[in-house]
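A.B. asks: I am attaching a structure below and will ask some questions about it afterwards.
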Amino acid sequence: LAKDAQGNTSPASAKAHLTGIWGDILDASNNRGIRGAKIVATGGGKTVSTSANYGGAYLLNLTPGDYTVVYSASGYTSQTFSLSVSDNQLTSRNVFLRKAR
């Protein structure tokens with residue numbers, strides 16, 4: 001609900017729902033976020049991607065289904081996970097990447 005300066009109240013807004021995956025991508029040696037790390041999810045005939053923010057956090061909106069998700073960053077060894085996404089739910093996945101040798 002919203003209320004204006006005169007005290008008038010608006011009708012209730014629809015609830016927002018998020019469906020997808022979220023978490024942090026961290027350096028395994030020091031637990032610091034990896035800025036700009038890439039997240040690529042493939043499933044249901046499509047590919048969706050995003051990048052981690054300055055602190056290594058990410059949010060990827062996806063439709064419900066099963067996905068293969070690749071986490072990568074320059075100078076690090078990538079990791080791949082199989083994740084299931086349910087309607088109106090966020091699946092949490094923190095990832096610790098190791099520096100490439």
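The values are calculated or read from the model by the stated rules, or taken from the named source; none is laboratory data. Because the structure is a prediction, the values reported are computed rather than measured. We place every Cβ from the backbone using ideal geometry, glycine too, and count neighbours over all the protein chains shown. Side chains are part of the model used for accessible areas, which takes the heavy atoms of the whole protein and leaves out ligands, DNA and RNA. Shrake-Rupley method; radii C 1.70, N 1.55, O 1.52, S 1.80 Å.
A.B. asks: Against the definition (surrounded by 13 or more Cβ atoms within 10 Å (Cβ to Cβ), modelled with pLDDT under 95 and in contact with a Leu (Cβ under 7 Å, 6 or more places away or on another chain)), how does G20 come out, yes or no?
C.D. replies: It is true that G20 is surrounded by 13 or more Cβ atoms within 10 Å (Cβ to Cβ), modelled with pLDDT under 95 and in contact with a Leu (Cβ under 7 Å, 6 or more places away or on another chain).
A.B. asks: Same structure again: Every residue in the range 52-63 that is open to solvent by less than 70 Å² (accessible area, probe 1.4 Å) and under 14 Å from T42 (Cα atoms), please.
C.D. replies: Answer for the range 52-63, where residues must be open to solvent by less than 70 Å² (accessible area, probe 1.4 Å) and under 14 Å from T42 (Cα atoms): L60, L62, T63.
A.B. asks: Follow-up question, since we're still on this one. Listed residues V48, V70; which is among the hydrophobic types (A, V, I, L, M, F, W, C) and over 12 Å from T19 (Cβ atoms)?
C.D. replies: Just one listed residue meets the conditions, V70.
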